[in-house]
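Just so you know, all these numbers are worked out from the coordinates, no wet-lab data involved. Worth saying up front: this structure is predicted, and the values here are computed from it rather than measured. Every residue, glycine as well, gets a Cβ built from its backbone with ideal geometry; the counts of neighbours run over all protein chains shown.
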Amino acid sequence: MNPVAATPMAFVRMLLLAYEARGMAPSRALLAAQIAPHQVAVADATITSRQLELLAGTAMHELDDEGLGWFSRRLPWGSYGMLARASLSAPSLGVALARWCRHHHLLTDSIELRLERVQGAAVVQLLEHRPIGPAREFCLVTLLRNLLGVACWLIDSRIGLQQVELPYASPAHAAVYPVLFPGPVRFGAARAALQFDARYLALPLRRDDKALDAMLAHALALIVRPYRRDRLLVQRVRTLLLSQPGASTADALAHALNVSTRTLHRQLQEEGASLQALKDDVRQSQAMALLGRSNRPVKQVALAVGFGNEKSFARAFRQWTGESPADYRIRVKAPA
């Protein structure tokens with residue numbers, strides 16, 4: 001497949017500001033990324049993510065600044081690799097991200113990363129303590145994408161985003177944001193933030209020092225690399241089926257999870273599950289709870305768990321448990 005040129009040239013112009021501030025020519029970096037100097041000025045031009053990766057990598061080496069001029073002091077090459085290594089021994093993603101946020105503050109006090117848990121959600125806030133300057137958008141996008149990419153890499157899983165907040169107006173190239181951040185994006189927010197299911201924080205890390213050494217050789221790819229596998233997908237689908245009975249079709253679930261219907265089926269298959277099996281599992285759990293804890297007629301229980309009539313519900317229930325709904329109710333409610 002040919003690479004898709006979706007990255008706005010506006011990001012290139014923001015990156016080149018770091019060369020301008022240092023009085024250095026960006027010709028070598030542009031050549032490495034195969035970007036002609038005259039293209040930089042084209043307002044609506046785009047490049048591939050690979051070109052941006054090559055441009056940024058060359059710039060960080062030449063400027064010896066992984067912060068690309070955003071902060072009050074340079075971040076020498078290897079700074080973010082040091083953060084990754086310090087996080088690698090954590091027992092879970094939550095501990096690793098907490099370390100990342102804490103240690104990032106040792107690199108610069110211009111911004112602060114803060115991890116919080118809010119009503120079942122994990123929220124990573126990016127707080128600005130000093131003006132970043134005209135490259136602000138590119139800075140915030142890169143920092144958030146970098147943290148998300150490292151988090152995905154540490155647990156070897158896609159992390160589904162519930163919301164992304166950005167503290168600036170919707171730019172002319174806003175169409176690229178769903179590619180950068182698959183999930184709802186809100187511009188004009190009070191601060192930059194990522195929000196995702198807090199259950200990801202409990203997942204164990206799946207990387208070691210050898211894997212880290214290999215990753216650091218191509219670390220910038222994490223900023224643009226989309227992870228396909230979601231290790232929490234089965235749990236997230238089950239939760240949606242329980243909390244939103246109306247979202248039981250593949251299309252509705254895929255929309256709620258910010259993936260395509262085809263991707264939903266493929267990822268479930270990779271996890272050894274199927275949508276129908278998950279639906280049956282949730283229906284069975286709901287039916288057994290209603291039969292054992294309420295006196296609602298079997299017909300009402302059937303309708304409540306998504307069956308059109310009592311007969312089809314009784315047939316499915318017998319397949320699940322080996323007994324009829326009425327017999328199950330008598331058994332579980334019988335005195336010990």
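Couple of notes before you dig in:
- Separation of the PHE187 and LYS299 label points, Cα + 7 Å toward Cβ, nm: 5.5 nm
- Taking other Cβ atoms within 10 Å as a rough exposure proxy, LYS279, LYS210, LYS311, LYS299 sort from fewest to most as LYS210, LYS311, LYS299, LYS279.
- With kT/(6 pi eta Rh) evaluated at 20 °C and eta = 1.002 mPa s, and Rh the Kirkwood radius from Cα pairs, the stretch 276-333 diffuses with a coefficient of 194 µm²/s according to Stokes-Einstein.
- Estimated FRET transfer efficiency (ALA252, SER72; beta-carbon r; R0 51 Å; 0.05): 0.60
- Between THR239 and HIS38, the FRET efficiency from the beta-carbon distance, with R0 = 51 Å, is close to 0.50.
- Projecting the Cα atoms of SER294, THR321, VAL332 onto the charge dipole of the stretch 276-333, computed from C-beta unit charges around the Cα centre, puts SER294 farthest toward the positive end.
- For the chain, calculated [θ]222 nm from helices alone, where every DSSP H run of n ≥ 4 adds -39500 (n - 2.57): -15500 deg cm²/dmol
- 27 Å Cα-Cα reach of LYS279 towards lysines, excluding residues that sit fewer than 8 places from it in its own chain: LYS299, LYS311, LYS333
- Residue (of GLY81, ALA41, LEU15) at the positive-pole extreme of the stretch 7-224, dipole from beta-carbon charges: GLY81
- A Cβ-based charge dipole, computed about the Cα centre of the stretch 7-224 with Lys and Arg at +1 and Asp and Glu at -1, lands at about 300 debye.
- Expressed per residue, the C-alpha convex hull volume of the stretch 246-309 stands at 88 Å³.
- Going by neighbour counts of Cβ atoms within 10 Å, the residues HIS129, HIS255, HIS173 line up, fewest first, as HIS129, HIS255, HIS173.
- Folded to 0 to 90 degrees: helix 136-155 orientation relative to the chain principal axis, Cα: 50 degrees
- For the chain, radius of gyration divided by Kirkwood radius, i.e. Rg to Rh on alpha-carbons: 1.09
- Segment ALA169..GLU310, full-extension length gain: 45.4 nm, with 0.36 nm per residue of separation and the alpha-carbon distance subtracted.
- Site pair ARG85 and HIS103 shows an inter-label distance of 0.9 nm when each label is modelled 7 Å from Cα along Cα→Cβ.
- R0 of 56 Å, Cβ-Cβ distance ALA326-HIS129: FRET efficiency to nearest 0.05: 0.30
- Counting neighbouring beta carbons within 10 Å and listing from fewest to most, the residues TYR168, TYR200 come out as TYR168, TYR200.
- Net charge dipole size for the stretch 265-315 [Lys, Arg +1 and Asp, Glu -1 on Cβ; Debye, nearest 20]: 320 debye
- Taking all Cα pairs closer than 8 Å and separated by 6 or more residues, the relative contact order of the chain comes to 12 percent.
- Separation in nanometres of the label points that stand 7 Å from Cα toward Cβ, at LEU31 and ALA217: 2.5 nm
- Note on the stretch 233-273: semi-axes of the ellipsoid equivalent to its C-alpha gyration tensor, largest first and rounded to whole Å, are 16, 12, 7.
- Between 0 and 90°, nearest 10: helix 9-22 axis offset from the chain longest Cα axis: 40 degrees
- In degrees, nearest ten, helix 233-243 long axis to first principal axis of the chain (Cα): 50 degrees
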